[in-house]
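What follows is a short report on a single structure.
The values are calculated or read from the model by the stated rules, or taken from the named source; none is laboratory data. Predicted model, so just to flag it, every value in this text is computed and none were measured. No Cβ is skipped: glycine too gets one built from the backbone with ideal geometry, and neighbour counts run over all protein chains shown. Please note that ligands, DNA and RNA were not included when accessible areas were found on the heavy atoms of the full protein model with its side chains. Shrake-Rupley method; radii C 1.70, N 1.55, O 1.52, S 1.80 Å.
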Amino acid sequence: MIALDDLDRQLVLALARDARQSASALGKRFGLSQPATWRRIRRLEEAGVLAGRRLRLDAERLGFGVTVFLGIKLARKGGVSLEDFERAVSAIPEVQTVEHVLGLYDYRLRVVARDLPDFERVLRRRIMTLPGAGEVEANVLLSEERLPGPIGDIR
């Protein structure tokens, strides 16, 4: 774990809010030169504190109006490997995230679809036919709000 000073914390929080900010703009905001800001950002990236910058797409505006979270329990018969399941499910374009979790289900998937009939098609033809797919629980996303979470309290 890297030791963060107050300036590092401010940079991390500013980038968490908007990762598109330039080192020059951040430097002006925090009283640093552009090169000094860039060096700090590189140090945070190299330490793994900043693990990339992501582009968030608006699935609904792209024609995918339904988001469903699936809990999948692998069938124990046949003993499919986790790697085989992960490789197969990751090849489905509608699957946005694949998370291996501990609890009632083995995996949690975020799936987007154009509408509910499209989701049903993806579920029946692609997901339920995966090697090792067993029990499935679906939760349709009604609304989503992005919250800063614990990052607002970096110590």
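Some observations on this one:
- Converting phi to 3J(HN,Hα) with the Karplus coefficients 6.51, -1.76 and 1.60 and the offset θ = phi - 60°, the range 85-101 yields 5, 4, 5, 5, 6, 5, 7, 7, x, 6, 7, 8, 9, 10, 10, 7, 10 Hz in sequence order, with x at every glycine or proline.
- In this rough spin-label picture, where each label sits 7 Å from Cα along the Cβ direction, the residue 33-residue 139 distance is 5.0 nm.
- Whole-Hz couplings from phi, Karplus 6.51/-1.76/1.60, listed for the range 2-18; x for Gly and Pro: 8, 7, 9, 8, 4, 5, 4, 4, 5, 5, 4, 5, 5, 6, 5, 6, 8
- For the range 55-70, 3J(HN,Hα) per residue [Karplus equation, 6.51 cos²θ - 1.76 cosθ + 1.60, θ = phi - 60°, Hz, x = Gly/Pro]: 9, 9, 8, 8, 4, 4, 5, 8, x, 10, x, 10, 10, 10, 9, 10
- With each label modelled as a point 7 angstrom along the Cα→C-beta vector, the residue 55-residue 69 pair spans 2.7 nm.
- Using a probe of 1.4 Å, the accessible surface attributed to residue 120 totals some 90 Å² when neighbouring protein chains are kept in position.
- Relative contact order (%) - the chain, alpha-carbon pairs under 8 angstrom, separation at least six: 25 percent
- 18, 58, ranked by accessible area, largest first (probe 1.4 Å): 58, 18
- Accessible surface of residue 64, taken over heavy atoms with a 1.4 Å probe and every protein chain present, rounds to 60 Å².
- Amide H to amide H, with H built 1.01 Å from N, residue 106 comes under 5 Å of 72, 73, 74, counting only residues 5 or more places away or on other chains.
- The figure for residue 92 is an accessible area of roughly 10 square angstrom, using a 1.4 Å probe on the protein chains alone.
- Listed values [x] -0.74, -0.95, -1.07; [y] -0.64, -0.92, -1.11; [z] -0.85, -0.98, -1.07, entry calculated as log10 I(q)/I(0) by the Debye sum over Cα atoms at q = 0.14, 0.17, 0.19 Å⁻¹: [z]
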